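K.L.:
Here it is: the structure, laid out below.
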Amino acid sequence: MRIFDRFFKDDEKREKMFWNIISLESKVDDIIEISHHKPQVIFKHSNQCGTSFFAKRNLENIKKDTFENVDFYLIDVIQDRIVSRYLSEKIGLRHESPQLLILHEGRIIWHGSHHQVNEDNLKSAMYQALG
């Protein structure tokens, strides 16, 4: 049992260090506005999905200084279903989980879901879109 406690305890620590949690609809509007000044990354995550769990762990391998001028956000699609739906309606993109979105200048410049959600695709999309 201790090994699992340590494993999940580490997971909680990672989340606090890496992700800004979105739990209010108004925060979605703020993020879209901020994207006019700098890119914003949103990860829609389900704690009940193994694919989402491994996608999240993979993204957390990114060194913080890789994207110094980018904010990373997480929406728990189970706990904050209303916020997740609001985001989908606001940006006009069908909900999937896991799902990774890159917003820049008020619009989606890249999105991927399921096995597309990984460090390599994020880096590639960011470099292609932003140079």
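K.L.:
If a residue must be assigned to a loop (DSSP other than H, G, I, E, B) and among the basic types (Lys, Arg), how many such residues does segment 55-75 contain? Let's see the steps before the verdict.
P.N.:
The first filter runs over segment 55-75 and keeps only residues assigned to a loop (DSSP other than H, G, I, E, B), leaving 60-63, 68-70.
If we keep only those that are among the basic types (Lys, Arg) as well, we get 63.
Residues flagged as assigned to a loop (DSSP other than H, G, I, E, B) and among the basic types (Lys, Arg) within segment 55-75 amount to 1.
K.L.:
Kindly check whether there is at least one residue in segment 53-74 that is touching a Ser or Thr at 6+ places or on another chain (Cβ under 9 Å), surrounded by fewer than 16 Cβ atoms within 10 Å (Cβ to Cβ) and touching a residue at least 24 places away in the same chain (Cβ under 8 Å).
P.N.:
There is no residue in segment 53-74 that is touching a Ser or Thr at 6+ places or on another chain (Cβ under 9 Å), surrounded by fewer than 16 Cβ atoms within 10 Å (Cβ to Cβ) and touching a residue at least 24 places away in the same chain (Cβ under 8 Å).
K.L.:
Condition first: exposed (fewer than 13 other Cβ atoms within 10 Å of the Cβ) and in a loop (DSSP other than H, G, I, E, B). Now tell me which residues in segment 79-95 satisfy that.
P.N.:
The initial filter retains those residues of segment 79-95 that are exposed (fewer than 13 other Cβ atoms within 10 Å of the Cβ), namely 81-82, 89, 92, 94.
Across segment 79-95, the qualifying residues are Gly92, Arg94.
K.L.:
What number of residues in segment 115-128 are in contact (Cβ under 8 Å) with a residue 60 or more places away in the chain and over 18 Å from Ser97 (Cα atoms)?
P.N.:
Within segment 115-128, the first condition is being in contact (Cβ under 8 Å) with a residue 60 or more places away in the chain, and the residues that meet it are 115, 117-119, 122-123, 126.
This time we only want the ones that are over 18 Å from Ser97 (Cα atoms), so: 123, 126.
The total comes to 2.
K.L.:
Here is a further query. How many residues are touching a helix residue (DSSP H, G or I) at 6+ places or on another chain (Cβ under 6 Å) and either in a loop (DSSP other than H, G, I, E, B) or open to solvent by less than 10 Å² (accessible area, probe 1.4 Å) (or both) if we restrict to segment 24-43? Working first, answer last.
P.N.:
Initial filter on segment 24-43 (touching a helix residue (DSSP H, G or I) at 6+ places or on another chain (Cβ under 6 Å)): 25, 28, 40.
When the remaining residues are screened for being either in a loop (DSSP other than H, G, I, E, B) or open to solvent by less than 10 Å² (accessible area, probe 1.4 Å) (or both), the result is 28, 40.
Qualifying residue count for the region: 2.
K.L.:
Additional query: Residue by residue through segment 96-131, note down the ones that are of a type outside the set (Val, Ile, Thr), open to solvent by less than 50 Å² (accessible area, probe 1.4 Å) and outside any helix (DSSP H, G or I).
P.N.:
Initial filter on segment 96-131 (of a type outside the set (Val, Ile, Thr)): 96-101, 103-107, 110-116, 118-131.
Retained after the next criterion (residues that are open to solvent by less than 50 Å² (accessible area, probe 1.4 Å)): 96-101, 103-104, 106, 112-113, 118-119, 122, 125-126.
Within segment 96-131, Glu96, Ser97, Pro98, Gln99, Leu100, Leu101, Leu103, His104, Gly106, Gly112, Ser113, Asn118 qualify.
The values are calculated or read from the model by the stated rules, or taken from the named source; none is laboratory data. Since the structure is predicted, the reported quantities are computational estimates derived from the model, not experimental observations. With ideal geometry, Cβ positions are generated from the backbone for all residues, glycine too; neighbour counts draw on all protein chains shown. These area figures cover heavy atoms from the full protein model, side chains too; ligands, DNA and RNA do not enter into them. Shrake-Rupley method; radii C 1.70, N 1.55, O 1.52, S 1.80 Å.
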